[in-house]
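Everything below concerns the one structure shown next.
No lab work stands behind these numbers, since they all come straight from the coordinates. These numbers were taken from a predicted model, which means no experiment stands behind them. Positions of Cβ are generated from backbone atoms using ideal geometry, with glycine treated the same way; all protein chains shown enter the neighbour counts.
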Amino acid sequence: MISSITIPARCGAIVLATLFVRLAVADEPASVPPATADSPADASSPQAVLQRLAASIEQPREALELVGQLPRELTAADRARLRMADAAIGNRRGEGFAELSREMLLALARQADDQSLAYLHEVFESLAERRGDAAEAIANYAMAERRRAADWRLLVRALPLLESGQATTVLTALRKFPERGTKPQWQREVILAGLRTDETGQAAAAELLSYWTGLKSPPAAKSSSPGSIADWQAWFRDRHADLPPAELPRDAEQAKYRWAELLPLVYGDAVSAAEASVGEAVFEKAQCVKCHRFGARGEAMGPDLTSTRLRYARREMLQAILFPSHSIAEQYETMVLVTDSGKVFSGVVEARGNTVTVLQANGEKATLDRKSIDDIQTSARSAMPDGLLEPLTEDEIAALFAYLYQRRE
């Protein structure tokens with residue numbers, strides 16, 4: 001059972017497209033016509049550049065050069081045109097699109113107008129593969145302009161998705177907000193984000209943790225550099241022993257598949273070429289159907305995967321499958337129940353009336369009378385078992401992702 005993904009689905013594909021158009025043209029004056037071949041303009045004017053940009057989105061490298069030609073500040077009409085051009089990128093991350101996506105959203109953040117900021121938030125909510133770019137853009141806005149509570153919440157939610165430079169940017173921006181993250185899960189994500197960066201990012205993570213906790217450095221710091229990310233890891237382990245440790249996930253020694261090998265697979269041509277109908281059978285073979293709903297199939301004890309394409313980046317999905325206990329959403333925590341007869345049940349709990357249903361790691365359900373439960377404890381391990389991909393071939397894994405990420409209109 002996938003237990004680590006919590007970002008909700010906000011829009012279906014059709015609704016999303018309609019919403020982007022509405023946000024994109026929100027402040028375009030009715031009196032300003034769009035640039036066309038019949039409305040001559042200086043070839044270097046923002047309007048002319050945006051016209052060529054809109055026509056070049058399918059050639060991302062050419063489009064990227066055009067983004068670099070735009071002035072820092074645009075008119076309301078040109079901001080709307082830029083948003084419309086960006087909406088055409090959608091969720092694509094293929095060759096050239098990753099860099100174009102980032103630069104387009106950074107350009108929109110520099111505009112600092114309400115419509116463009118609302119658009120950035122909607123990209124974050126609805127385009128899973130672009131959440132890191134949207135968070136980086138919002139972080140840049142926050143550092144350059146002003147800090148808004150809604151942006152702070154978005155940046156905190158983005159922490160599990162970020163690495164390298166984007167993680168450093170967001171960690172640095174969060175330190176400038178007056179808000180402090182008091183939940184241990186948030187503090188853990190700051191440590192993990194720091195571990196996914198270089199020394200500069202780790203220093204930013206340590207500074208943010210110091211600000212959030214009010215501690216100059218963790219008590220009983222043992223490293224040669226007091227206040228280092230290693231000291232914060234030890235502090236978290238001692239303070240929150242009931243939670244998963246603040247450590248990056250690692251491949252099991254005897255694992256058939258490795259993260260570094262599967263990540264390019266799920267983003268590669270194998271998924272594009274795979275048959276979603278084959279993936280439907282794999283969805284059952286891998287036991288996903290026992291805990292997750294996809295359309296009308298499956299159980300609803302874990303997150304609904306129907307809108308996977310819009311809700312979860314492929315790297316998020318892969319991490320949740322390979323390392324199910326690395327990050328467990330609060331509503332899917334594993335509970336250990338002991339009955340008055342000494343029997344022990346472990347899994348995700350659903351309480352109804354006088355009974356409690358436990359979905360166990362093997363996919364089986366146990367229904368208990370509330371009165372028979374003698375003790376309940378939270379477990380740091382997910383109810384989702386390890387190694388679900390082990391029985392599958394690479395072709396079957398590709399088909400599974402093709403099934404989960406198919407377009408569902």
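Brief remarks on what is shown
- Residues Thr168, Thr339, Thr367, arranged from fewest to most other Cβ atoms within 10 angstrom of their Cβ, appear as Thr367, Thr339, Thr168.
- Per-residue HN-Hα couplings for region 86-100 [Karplus 6.51, -1.76, 1.60; θ = phi - 60°; Hz; x = Gly/Pro]: 5, 4, 6, 5, x, 9, 6, 10, x, 4, x, 6, 4, 5, 5
- Using distinct alpha-carbon pairs, which all enter the 1/r mean, Kirkwood radius of region 330-379 in Å: 10.7 Å
- In terms of the mean number of neighbouring beta-carbon atoms within 10 Å, the peptides 154-165, 139-150 order highest first as 154-165, 139-150.
- Residues whose placed amide H lies under 5 Å from that of Ala313, excluding near-sequence neighbours: none
- When the listed pairs Lys183/Lys216; Lys183/Lys371; Lys290/Lys371; Lys256/Lys343 are checked against a 23 Å cut-off, the alpha-carbon distance exceeds it for Lys183/Lys371; Lys290/Lys371; Lys256/Lys343.
- Cut-off under 5 Å, modelled amide H: who pairs with Ser325 long-range: Ser382
- Alpha carbon centroid spacing (whole Å) that separates region 96-112 from region 136-202: 18 Å
- The distance separating the Cα centre of region 55-81 from that of region 307-362 comes to 45 Å.
- Seen against the Cα atoms of the chain and their longest principal axis, helix 184-195 is set at about 60 degrees.
- The candidate values were (i) 1.09; (ii) 0.95; (iii) 1.30; the one computed from these coordinates for Cα Rg over 2.2 N^0.38 Å carries the label (i).
- Mean ellipticity per residue at 222 nm, deg cm²/dmol - from DSSP H runs of n ≥ 4 across the chain, formula -39500 (n - 2.57): -14000 deg cm²/dmol
- Once both labels are positioned 7 Å from their Cα atoms along Cα-to-Cβ, the gap between Asp340 and Ala43 label points is 8.7 nm.
- Debye intensity ratio in log₁₀ form over the Cα atoms of region 45-189, taken at each q of 0.12 Å⁻¹: -0.47
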